[in-house]
Amino acid sequence: MNKVKSLGLLLCVLVVILVVWNTPKSAGEIHLSGATMGTSYNVKVLADVGLPPEELQQKIDDLLVDINKLMSTYDPNSELSRFNQQLSSEPFKMSPATLTVLKEAKRLGEVSLGVLDVTIGPLVNLWGFGPEARPEKIPSQQTIDSLKEQIGLNKLVIQDNYLIKLQPDLYVDLSTIAKGYGVDVVAELLESYGYKNYLVEIGGEMRVAGVKSNGSGWRIAVEKPVNNERAVQSILTIGNNAVATSGDYRNYFEQDGIRYSHLIDPRTGYPIQHNLVAVTVVHPSSMTADGLATALNVLGKDDALRVAKEHNLDVMLITREKGSFKAYTTGKFDEYINAATEQ
């Protein structure tokens, strides 16, 4: 019997939810929330500076609506959708915001040995993790090979303010990085109005700065990679940084005794099959952390560790080995765990 499990909030979720460690709400904090990008956002700020809450929320909502109008693949009139609909190699003028995200996606694609590929959408859809229904049968090798010919970052060219497809039907999906970008621009908005102490979260991607109203650092819980309960793997205090987690343990399906993850490796065209089950990345940029978490998860433990060490990244990898979980850390990640225990 087929068994399907998914997060449900998004059709293609490439992050694992990170939650603020359960502490009583302080009277000195303002908590704003709403819907965006097919998921939700949460913003917490100290009430010592800045705008009235209603005015601040309106500015946040307007900002996120603007990003959606640029980068959504579900809005047929968005800038990115119009680019995808253009079945030619004619240069397409892009906004500075979308170009910023595309340039970082291309850079992270190179850092990750090609596995962060924002053109991989056709393969994601083929395996049933996009807007299309899951196929009745596992795709054939011939079909997978055919779609592999339609993807590739080398077929996407950024030239000045223009984006060019070297293959007319190339399809770009920024869902692996756009939520992180949204977190960054909301954080920058807060800082422009004088907020130095805040937490911003969109669909599990998070960035914090300063302290809570009681003077302690923001404490963030990283989920244990289990699919039948909510449990905590580690508590972090990350200073003025962003954090993102990617895992394969909630969005997947099983067929004929084989488990198929939503994380697709563009090198093979198949869902990942290795024992790396979750990756958490701490970085100053939420956009970068968002993309790296997914990319390292796809790479697998050995390649992910090598890339993380080579680029001095603050990363925690969790593998499933001999029936239990094992954690590997690089960079300053252990310091973030120790900082939380010392509070």
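Points to keep in mind about this one:
- Loop GluC sites (Glu not before Pro), segment 134-189, which have at most 11 other Cβ atoms in a 10 Å radius of their Cβ (DSSP): Glu136, Glu149
- In loop segments of segment 162-238 as defined by DSSP, the trypsin sites (Lys or Arg not before Pro) with at most 10 further C-beta atoms inside 10 Å of their C-beta are Arg230.
- Amide H to amide H, with H built 1.01 Å from N, Thr36 comes under 5 Å of Tyr41, counting only residues 5 or more places away or on other chains.
- Under 9 Å, Cβ to Cβ, from Leu156 - net charge with Lys/Arg +1 and Asp/Glu -1: +3
- For segment 75-165, lysine pairs with C-alpha atoms less than 15 angstrom apart, excluding pairs fewer than eight positions apart on the same chain, total 7.
- A straight Cα-to-Cα reach below 29 Å connects Lys322 with the lysines Lys3, Lys5, Lys224, Lys301, Lys309, Lys332, residues fewer than 8 places away in its own chain not being considered.
- Other residues with beta-carbon under 12 Å from the beta-carbon of Gly331 carry, at +1 per Lys or Arg and -1 per Asp or Glu, a net charge of -2.
- Our coupling estimate for segment 58-72, obtained by passing each phi through the Karplus curve with A = 6.51, B = -1.76, C = 1.60 and θ = phi - 60°, is 5, 5, 5, 4, 4, 4, 5, 4, 4, 5, 4, 5, 8, 10, 6 Hz, Gly and Pro reported as x.
- Cα centroid separation - segment 22-94 against segment 105-181, whole Å: 23 Å
- Within-13-Å neighbourhood charge of Ser89 [Cβ basis; K, R +1; D, E -1]: 0
- Within segment 181-214: backbone nitrogen closer than 19 Å to the Val65 label point (7 Å, Cα to C-beta): 182-183, 185-187, 189-190
Just so you know, all these numbers are worked out from the coordinates, no wet-lab data involved. The shown structure was predicted, so the numbers you read here are calculated from the model rather than taken from an experiment. Backbone-built Cβ (ideal geometry, glycine too); neighbour counts: all protein chains shown.
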